[in-house]
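Okay, so here's the structure we're looking at.
The values are calculated or read from the model by the stated rules, or taken from the named source; none is laboratory data. Small disclaimer: the values here were computed from a predicted structure and weren't measured. When we count neighbours, we look across all protein chains shown, and the Cβ atoms used for this are built from the backbone with ideal geometry, even at glycine. Surface accessibility is based on the protein's heavy atoms, side chains included, excluding ligands, DNA and RNA. Shrake-Rupley method; radii C 1.70, N 1.55, O 1.52, S 1.80 Å.
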Amino acid sequence: MISVIEIFKEITAIPRCSGTYEPFINYIKDFASKNDYDCYVDNYHNILCKKSNSKAKLAIQNHYDIVCLKENCVPTIIEEDGFLKAKESTLGADNGIGCSYMLWLMTQGYDCEFLFTSDEEIGLIGANNLEHQLNADYMLNIDSEQEGEICIGCAGGVDIFGKSSFKSIIENEENYKLYEVEISNLPGGHSGVDIHKNVPNGIKLIGELIVENNALLLDINGGERINSIPVNVKAIIACKHKPKEIPHDNIRIRKITTKSEHLNVWDRNIATFIYTFANGVRAYDEKLGVVLNSINLAKITTKIDAIEVELSARSMDNDELKKLKKETTVLLKSFGFDVTTNGKYSAWRPDINEFTNRVLDIYKKYDEDASLEAIHAGLECAIFKKKFPHMKLASIGPNIFNPHSNREKVEIASIEKLSKIVKEIVDSF
């Protein structure tokens, strides 16, 4: 019988960056046909596979898109020191591994509803717009990233967008010199589960350099995805002296020899906002033992007529999320930004029930320290709980480290261990 790891290696070769659908949909259609499942695709590219005349009590769900720090990236898998990694890219174990468990179960003919959702990494678009009807009373999501933790609650999130069009052309009477400032190859990471780890934010570091050198900003671009801690940032600045470096090894400053009689500069408030913005953890929930509120300054882009920033706010509490959204909106406006927001998903309030207890009891046969937990990251479970109020949900997964970054890796032994757990959970139905 083919293994989960073999399936993962197979589907990793299929282009699955967010926004790319057809290659994987065609693969699943063929896979479903070979294993005697009906396959349905809705208008938002969500895929549902189930048996004809299914009486499934359990739905199994995962998203099939992956974070690609470079467009059209297809990861090249490397096996090293007991882990699967990728060569100079994200691995896509988030959530290719979850999909692989589903396909593995399909090869064994289980009567479950297998739901593959689209575009989770760019706003949970597939789940939010799901057109398929699910009849199961229980859902197992396999998108968690810590072995031994059974997730029964997660943070809600909202994306916040700021746009500043304030710039001016000034005469270079004070003999400003131009410099290219670049920061690259930072560790990066997931803006939810890694936000408390003091991972350096490239945009914040560039803002620090600009303000502390009293420099003018001419151009800035950085960050990879709205749900990632920014790794690479580049800016063009004007300064009366060679900028003093801030204490970080990954910053490079290069003088631009071109002289300019006039400078097209952006409002100083932009750099001041970046420098002063309280990025990262805002509050901690002692009871749950998890970050309560956080916000990540994820991307900054210079357009012809504006500089745009993108931020991702998260909270384990919906009222706290509304408050964080409002405070950030007011703050951005005070610095001269026009602000829009995109309501992504609500928090999934922790819920202990007969299903979560069943999953825990089975898990403890393989790991006596297994526990029910909540995580500071977005899971589609929150959306499905709202769409299907009767449904009981839980999320599990193998050890995946540093998702959304070039350091992403998944532990082979953990994949194999979870295979046994997943199979026993499905067999219990």
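Quick rundown of the values:
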| item | result |
| --- | --- |
| Mean residue ellipticity (222 nm) of the chain, computed from DSSP H runs ≥ 4 via -39,500 (n - 2.57), nearest 500 | -8000 deg cm²/dmol |
| At 0.890 mPa s and 25 °C, Stokes diffusion of the range 161-250 via Kirkwood alpha-carbon radius, µm² per second | 171 µm²/s |
| Isotropically averaged projected area of the range 157-345, using the convex hull of Cα atoms (one quarter of hull area), nm² | 10.7 nm² |
| Cα centroid of the range 97-128 to Cα centroid of the range 329-394, whole Å | 17 Å |
| Relative packing of 193-206, 57-70, which averages over residues the other C-beta atoms within 10 Å, highest first | 57-70, 193-206 |
| The range 157-345 - charge dipole about Cα centre, Lys and Arg +1 at Cβ, Asp and Glu -1, debye rounded to 20 | 100 debye |
| Solvent-accessible surface (1.4 angstrom probe) belonging to residue 88, in square angstrom, nearest 10 | 140 Å² |
| Cα-based Rg / Dmax (Å) for the chain | 23.2, 79 |
| Spherically averaged projected area in nm², based on the convex hull that wraps the Cα atoms of the range 3-52 | 3.9 nm² |
| Potential lengthening between residue 250 and residue 36 on full extension [0.36 nm per residue; Cα-Cα distance subtracted] | 71.8 nm |
| Rounded to 10°, Cα long-axis angle of helix 93-106 versus longest principal axis of the chain | 20 degrees |
| Helix 202-212 vs. the chain, principal-axis angle (Cα, 0 to 90°, nearest 10) | 20 degrees |
| Sequence-distant lysines (8 or more away, or on other chains) whose Cα lies within less than 24 Å of residue 255 | 167, 177, 204, 234, 240, 242, 244, 303 |
| Cα gyration tensor, the range 371-429 - rounded (a/c under 1.5), prolate or oblate | oblate |
| Counting all C-alpha pairs of the range 88-152, share separated by more than 13 Å (%) | 72 percent |
| Exposure of residue 248 as accessible area (Å², to 10), given a probe of 1.4 Å and all protein chains | 50 Å² |
| Coarse-grained scattering of the range 76-115 at q = 0.33 Å⁻¹, given as base-10 log I(q)/I(0) from a Debye sum over alpha-carbon atoms | -1.08 |
| Across 9/70; 34/70; 87/420, pairs whose alpha-carbon gap is larger than 23 Å | 34/70; 87/420 |
| Cα centre as origin, Lys/Arg/Asp/Glu Cβ charges: the chain dipole, Debye | 800 debye |
| Estimated translational D of the range 235-328 in µm²/s (Stokes, Kirkwood radius over Cα pairs; 25 °C; 0.890 mPa s) | 147 µm²/s |
